[in-house]
Amino acid sequence: MTLMTSTLDSVIVVWHVAVNAGDAETAASACTEDVVMRGPQGSSHGRDSMRDWVSQAGIRLMPKEAYDVPGGIVVAQEATWPGAANWDASTPPSRLYTAFALRDGSIAGVFRFESLEEARSYPIAA
């Protein structure tokens, strides 16, 4: 993994491990109570929404690069959906970019983008 930041914040590592394991409770506990999520299927907020998403997404996210931005970190990820009913193991991973807003040692926002430029320019600073 190539990191463009001194370290990938440990709470983001915990979140990735939990999401990849389908551990909705641990992923939600890495977040603030009012965590905001935005992606291609809309937006939601709160730990219950995070739990629901982790339980239903069937996604696996492999961090590849990280970039410091005001108020958080943008992580470039390779995504696969092995938990999806129509998943084909021969399909190559998709490259996604997630901007994580951080507050008081927890994840306050998870914002998915198709390009690094979009993710880095998203205003996540508190």
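The values are calculated or read from the model by the stated rules, or taken from the named source; none is laboratory data. Note that this is a predicted model, so its numbers are computed, not measured. A quick note on method: Cβ atoms are made from the backbone with ideal geometry, for glycine too, and the neighbour counts reach across all protein chains shown.
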Could you tell me which numbered condition ALA27 fails, if it satisfies all but one of (1) touching a residue at least 12 places away in the same chain (Cβ under 8 Å); (2) more than 13 Å from ILE12 (Cβ to Cβ); (3) surrounded by 14 or more Cβ atoms within 10 Å (Cβ to Cβ)? (2)
For a quick check of your reading of the model, give me the residue pairs whose first member lies in the range 94-119 and is touching a residue at least 60 places away in the same chain (Cβ under 8 Å), whose second is among the acidic types (Asp, Glu) and not in a strand (DSSP E or B), with beta-carbon atoms closer than 7 Å and at least 6 apart or on different chains. LEU102/ASP9
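Yes or no, residue by residue, for (1) among the basic types (Lys, Arg); (2) modelled with pLDDT of 95 or more; (3) touching a Cys at 6+ places or on another chain (Cβ under 9 Å); (4) not in a helix (DSSP H, G or I):
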site: TRP15; (1), (2), (3), (4): no, yes, yes, no
site: GLU33; (1), (2), (3), (4): no, yes, no, yes
site: SER44; (1), (2), (3), (4): no, yes, no, yes
site: GLN56; (1), (2), (3), (4): no, no, no, no
site: TYR67; (1), (2), (3), (4): no, no, no, yes
site: GLN77; (1), (2), (3), (4): no, yes, no, yes
site: PRO82; (1), (2), (3), (4): no, no, no, yes
site: ASN86; (1), (2), (3), (4): no, no, no, yes
